[in-house]
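Read-outs: derived from the displayed coordinates by stated rules, not from any lab. These numbers come from a predicted model, not from an experiment. All Cβ positions, glycine included, derive from the backbone under ideal geometry; neighbour counts span all protein chains shown.
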Amino acid sequence: MIVCHCHRVGSAEISRLIAGGCDDIETIGERCGAGTECGGCLPRLAATLRESHGFGAASPELAEAS
Ligand code: FES
């Protein structure tokens, strides 16, 4: 599933980057470009980071954006 349409970055790549040590949105953006254009994918990136650290979605709005 594509997460960042601006840079054509999928959820598998985001998960791979997080597993490889990228632990914030800025680092993910530096590595693959996700979140560095329109910003429309930032809620999904944030939710994925929280979920990967066991915190779950912070709000229903972000969960819906997922
Ligand atoms: S959809 Fe990710 S920066 Fe636009």
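Spin-label model, C6 to D24: label points 7 Å out along the Cα-to-beta-carbon direction sit 1.9 nm apart.
Along the Cα-to-Cβ line of F55, 7 Å from the Cα, sits a label point; which residues in the stretch 1-25 have backbone N less than 20 Å from it? Backbone N within reach: 14-25.
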